[in-house]
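The values are calculated or read from the model by the stated rules, or taken from the named source; none is laboratory data. Just so it is clear, the structure is predicted and the values come from calculations on it, not from any experiment. Cβ coordinates were reconstructed from backbone atoms using ideal geometry, including for glycine residues, and neighbour counts include every protein chain displayed. Side chains included, ligands, DNA and RNA excluded: accessible areas come from the protein's heavy atoms. Shrake-Rupley method; radii C 1.70, N 1.55, O 1.52, S 1.80 Å.
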Amino acid sequence: MSQTHAPPRLDPLVEEGLWSLQQLEAFLACLSPAQYRHPFDAAGGQTLGRHLRHILDHYQALLEGIGAGRVDYESRSRDPRLERDPQQALARLAEIRRGLARLTEPSATGLSLTYPVAEGSVSQSLATSLARELAFLTSHTVHHMALLGLLAERLGVVLPKDFGVHPSTLRHWDREAEALSRSLPLGA
């Protein structure tokens, strides 16, 4: 007898993505254009703008791929204006947040991920789901936010303690704090 499983709810996954994107929006608001474009390596490849553009490209690839039923992160747009102009990045960030906020129901149709396995045109099509891709994007975003935080720190930018920390780690910290407060004697 086969069991059918209800698709995962998207609300918490969308909320995690939106939370990360809101943090990025606040981050962008505190940067000058010079800080946004500041090169951290001799070749100029490591900038806050490039990391941010990379994050936005991935979300854009998902949102564009949903309608086609196929997500391809390899062929994302890589719009160079997003890595040079923080205002362009803020505008794209707002578009992506609106697109994510509209995702309320898991897709009844399957979603596939185009994954390159070799140089050139060799790729595999992997079965995936919108829920799985939203979870991936949160982890991917938080990973790059941690890098952004380290780079921004070198410019003297002060960020909140939870910037670049995965929601699962924040939940763990909350559980630890709650357990500690329960173990303390009253009035301590």
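Along the charge dipole of the chain, which of LEU111, HIS172, PRO160 sits closest to the positive end, that is, farthest toward it, with unit charges on the beta carbon of Lys, Arg, Asp and Glu (+1, +1, -1, -1)?
Positive-end residue among those listed: PRO160.
Test of understanding: what is the full-extension gain from GLU15 to LEU126, defined as 0.36 nm times their sequence separation minus their Cα-Cα distance?
Stretched out fully, the GLU15 to LEU126 stretch lengthens by 37.4 nm.
Suppose each label sits 7 Å from its Cα in the direction of the beta carbon; what would the TYR115-GLU95 distance come out to in nanometres?
The answer from the label model is 2.9 nm.
Over the chain, with a Gaussian network built from C-alpha contacts below 10 Å, which listed residue (GLN23, GLN124, GLN46) shows the highest mean-square fluctuation?
Result for the chain, Cα springs under 10 Å: GLN124 fluctuates most.
Over 11 Å apart: what share of the alpha carbon pairs of the range 147-188 falls there, rounded to a whole percent?
Value for the range 147-188: 71 percent of Cα pairs lie more than 11 Å apart.
In square nanometres, what is one fourth of the surface area of the convex hull spanned by the alpha carbons of the range 101-188?
So the mean shadow area of the Cα hull is 11.3 nm².
Just reorder VAL142, VAL158 by solvent-accessible area, largest first, 1.4 Å probe, all chains present.
Descending order: VAL158, VAL142.
Over all directions, what mean area does the Cα convex hull of the chain project, stated in square nanometres? Write down the numbers at each step before the final one.
Numbers: hull surface 64.7 nm².
Quarter of the Cα hull surface area: 16.2 nm².
When the chain is fully extended, how far beyond the present Cα-Cα distance does ARG171 get from ALA43, taking 0.36 nm per residue of separation?
42.2 nm
Is the shape of the range 11-62 best called rounded, prolate or oblate, per the rule: a/c under 1.5 gives rounded, else a/b larger than b/c gives prolate, else oblate, with a ≥ b ≥ c the square roots of the Cα gyration tensor eigenvalues? Walk me through the numbers on the way to the answer.
Values: a/c = 3.55, a/b = 1.79, b/c = 1.99.
Oblate is the answer for the range 11-62, as a/c is 1.5 or above yet b/c matches or exceeds a/b.
Rounded to the nearest 0.05, what FRET efficiency do ASP162 and ALA34 give with R0 = 41 Å and r taken as the Cβ-Cβ distance? Could you check?
Efficiency computed from Cβ-Cβ geometry: 0.95.
Rounded to the nearest Å, what's the spacing between the alpha carbon centres of the range 135-188 and the range 74-99? Just the number, please.
25 Å
Quote to one decimal, in nm, the extra length available between ALA26 and GLU178 on full extension: 0.36 nm per residue of separation minus the C-alpha distance between them. Present the calculation step by step, with values, prior to reporting the outcome.
Working: separation 152, 0.36 × 152 = 54.72 nm, distance 2.80 nm.
Contour length minus the Cα-Cα distance gives 51.9 nm.
If amide H atoms are built 1.01 Å from N in the plane of the peptide, which residues on other chains or at least 5 residues away come under 5 Å of the amide H of LEU111?
Amide H neighbours of LEU111: THR128.
How much solvent-accessible surface does HIS143 expose, in Å² to the nearest 10, with a 1.4 Å probe and all protein chains in place?
Answer for HIS143: close to 100 Å² accessible.
With the Cα gyration tensor of the range 40-95 giving a ≥ b ≥ c as the square roots of its eigenvalues, does the rule (a/c under 1.5 for rounded; else a/b larger than b/c for prolate; else oblate) give rounded, prolate or oblate?
It comes out oblate by the Cα gyration axes.
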